[in-house]
Amino acid sequence: MKLAYSTNAYRRFDLLEAIDRIAALRYNGIELMADAPHAWPAGLTDERIDAIRKRLDRRGLSISNINAFMTTAIGDFWHPSWIEPDPDRRRLRIDHTKRALTLARELGAPSVTTEPGGPPAETQSREEAMERFLEGLGEALD
């Protein structure tokens with residue numbers, strides 16, 4: 001069995017330092033937080049992705065998962081969500097997830113997690129929320 005540790009626990013540190021610290025704890029891998037301050041996909045350059053890949057290789061770590069749940073770079077832990085009443089806000093979540101999927105492919109991560117949508121707005125039925133969730137998720141996976 002291999003154990004991985006989330007970089008989310010090291011939000012006070014730069015990602016490369018977080019990788020070093022997790023390696024020092026003798027974990028086998030990391031869950032990479034696809035958010036600020038670590039790996040916000042919209043802001044990652046090819047050079048930064050290469051630096052992440054090289055640091056992981058040097059430390060002998062793999063990525064167990066890309067955590068695309070939180071979006072504090074543009075919102076908070078829950079928002080923008082898949083079920084936002086505002087289509088522009090939903091678009092932010094869809095685009096973030098697409099970028100996280102691309103990042104997973106570039107770094108060889110086997111999975112990406114996302115947030116479940118949060119509670120529906122007071123003006124929104126659970127059925128409408130589920131419809132928005134499935135529609136957005138389907139678009140992200142295209």
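The values are calculated or read from the model by the stated rules, or taken from the named source; none is laboratory data. Treat the numbers as computed from the prediction; the structure is a model and nothing was measured. With ideal geometry, Cβ positions are generated from the backbone for all residues, glycine too; neighbour counts draw on all protein chains shown.
Things to note:
- Test: residue in region 112-121 that is modelled with pLDDT of 95 or more, touching a strand residue (DSSP E or B) at 6+ places or on another chain (Cβ under 6 Å) and either of a type outside the set (Phe, Trp, Tyr) or on the phi > 0 side of the Ramachandran plot (or both): yes
- Taking the criterion of being part of a helix (DSSP H, G or I) and in contact with a helix residue (DSSP H, G or I) (Cβ under 6 Å, 6 or more places away or on another chain), the residues of region 54-74 that qualify are ARG55, ARG59.
Rundown of residues vs (1) over 15 Å from MET33 (Cα atoms); (2) within 16 Å of the chain's Cα centre (by Cα); (3) free of Cβ contacts under 8 Å to residues at least 40 places away in the same chain, yes/no style:
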residue	(1), (2), (3)
TRP82	yes, yes, no
ARG89	yes, no, yes
LYS98	no, yes, no
GLY108	no, yes, no
THR114	no, yes, no
ALA121	yes, no, yes
ALA129	yes, no, no
PHE133	yes, no, no
